[in-house]
1. Tell me, please, whether a residue that is open to solvent by less than 70 Å² (accessible area, probe 1.4 Å), within 15 Å of V163 (Cβ to Cβ) and not charged (D, E, K, R) can be found in the stretch 75-83.
2. Look at L62 and say whether it is open to solvent by less than 30 Å² (accessible area, probe 1.4 Å), modelled with pLDDT of 60 or more and within 24 Å of R111 (Cα to Cα).
Amino acid sequence: QGRAAFAAELGQGRREGVVEVLFGGPLPSAAAAVAGEAPARPPQELPLLESAQFDGGAGMVLDVNPQSHTYLLDHCLDGRPVMPMAMMLELAAEVGANSSSQHVTFVRDVRLLKGIGFDDGATRRLRVDSVAAPLSLDGVTRLDLTVHSDTQAGNQLNYRAQVELGGR
């Protein structure tokens with residue numbers, strides 16, 4: 001049901017072939033905007049990364065199951081919990097926010113390569129890696145993010161995304 005609604009929504013949108021999802025906090029006040037003041041950055045809340053095990057580099061491991069991540073129980077296909085795309089967008093934004101003092105300005109080019117399902121409430125180990133490269137002279141940085149999961153057949157690439165960070 002959710003998959004069909006999402007596909008229908010995308011099909012009725014603009015025909016340019018681009019879907020852009022923006023993340024950000026509250027808009028600055030009009031007075032601050034006129035004065036040219038930068039908005040205060042709120043403290044970061046990164047709920048998906050709370051249980052992450054960091055490897056000391058640009059990678060981390062998350063153990064995910066429907067018991068510890070109860071949102072999965074509300075996102076099922078044919079009675080089987082699956083990882084919602086919205087949570088992958090949130091994960092990408094959290095990884096970006098955690099990796100830099102810069103703001104996450106965009107999450108782009110999100111690709112679902114192979115969905116992540118949770119059969120019989122099983123725990124799935126997700127490996128999240130990010131590689132940073134300078135994007136422009138304006139201090140904007142891009143993170144290339146990948147999410148892999150452990151399967152019986154080995155390591156499976158599930159998602160890719162690009163996270164842009166900037167001082168805005």
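The values are calculated or read from the model by the stated rules, or taken from the named source; none is laboratory data. A quick note: this is a predicted structure, and the numbers were derived from the prediction, not measured. Virtual Cβ from ideal backbone geometry, glycine too; neighbours counted across all protein chains shown. Only protein heavy atoms, including side chains, enter the accessible area calculation; ligands, DNA and RNA are left aside. Shrake-Rupley method; radii C 1.70, N 1.55, O 1.52, S 1.80 Å.
1. So far as the stretch 75-83 goes, no, none of its residues is open to solvent by less than 70 Å² (accessible area, probe 1.4 Å), within 15 Å of V163 (Cβ to Cβ) and not charged (D, E, K, R).
2. In short, yes.
Yes/no per residue for (1) buried (at least 17 other Cβ atoms within 10 Å of the Cβ); (2) under 14 Å from the mean Cα position of the chain (by Cα):
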site	(1), (2)
L91	yes, yes
N98	no, yes
T105	yes, yes
V110	yes, yes
L113	no, no
D119	no, no
R124	yes, no
V128	yes, yes
